[in-house]
Amino acid sequence: AGIARVTEYLEGHPKDAAIFFAGELSSALWQGSLQMELQTMISKLPDDPTLYSEIICSIVTAALFADGMGAVLMVGRDHPLAKPGQPRVIDIGSILLSDTTHLMGMDIADTGFRNILRPEVSNHLKGGLREVIDRLLNKHNLSKDDISCWIVHPGGPKVIKTIQEEFGLTQDAVQLSWDTLEKVGNMSSSTVLYMLNEVLSQEQPSPGSYGLMVAMGPGFSQEILLLQW
């Protein structure tokens, strides 16, 4: 969403430059509130075996996330640094799914904060992403086959698999997502900046080719950027 907001700013200020910065200290999830919550649930486990799934969910949620920071310099179309061969944001798509605030977010307590990531997230990915991506592609007379670069936020293994199955993507199309999850984990908002840097560090897509940057966030919300090289 941050890149989308900077894009909107630069549309109105085409001679300007702006830096978007994202910093995530996800290791703080292991302090205070999570530890106390786990200790409490474990102590109650003998009397309430149903807590086992909640314990596993809390541990997996915290284990998925990693510390990360990223920044990107963006310029308006009339800025001297706006040159051919660089990816530019063609359009933006977003959706906020109703009745899903319980799926992803963060609880703030006196002892710290606790991340919320329910297993049902993947069940809500298909409809929302399909709607916003199809709408964005149709607007520009494009299809899935016109997308040569998929920068899909690796929220977790189930998220990647769900998106791959929903859009019939090849393993190569989502390999960057798997590699990112394996190397650095889920760095929350800074993850797509890491992935974009990985793309820019390799052989660039051919001029005129399209890419999609796909990310999810609390809400449950989904944000899509249509890129063109």
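What follows is calculated from the coordinates using simple rules that are stated; it is not laboratory data. What you see is a predicted model, and the numbers here were worked out from it, not measured in a lab. As a convention, Cβ positions derive from the backbone with ideal geometry for all residues, glycine included, and neighbour counts pool all protein chains shown.
Before moving on, here are some points about what is shown:
- Radius ratio Rg over Rh of the stretch 70-134, counting only Cα atoms, Kirkwood formula for Rh: 1.15
- Relative contact order for the chain: 27 percent, from Cα pairs under 8 Å spaced at least 6 residues apart, divided by residue count.
- At most 15 other Cβ within 10 Å, DSSP loop - GluC sites (Glu not before Pro), the stretch 21-100: none
- Per-residue extension of 0.36 nm, minus the Cα-Cα distance of M36 and S206, leaves a gain of 56.0 nm for this segment.
- Highest mobility in the GNM of the chain, judged by mean-square fluctuation with C-alpha springs under 10 Å and restricted to G70, G93, G127, is found for G127.
- DSSP beta bridges confined to the chain are antiparallel in about 85 percent of cases.
- Cα principal axis extents for the stretch 21-136, largest first, Å: 65, 31, 22
- Counting Lys and Arg as +1 and Asp and Glu as -1 over every other residue whose Cβ lies under 12 Å from the Cβ of H13, the net charge comes to -2.
- Each listed q (0.14, 0.23 Å⁻¹) maps to a log10 I(q)/I(0) for the stretch 110-167, found by the Debye formula over equal Cα scatterers with no solvent: -0.49, -0.99.
- Equivalent ellipsoid dimensions for the chain as semi-axes, Å, which come from the Cα gyration tensor, largest first: 35, 20, 16
- Over the stretch 1-58: Kirkwood hydrodynamic radius from C-alpha pairwise inverse distances, Å: 15.2
- Shown for the chain: lysine pairs separated by 8 or more places, or found on different chains, whose C-alpha atoms are under 24 Å apart, numbering 9.
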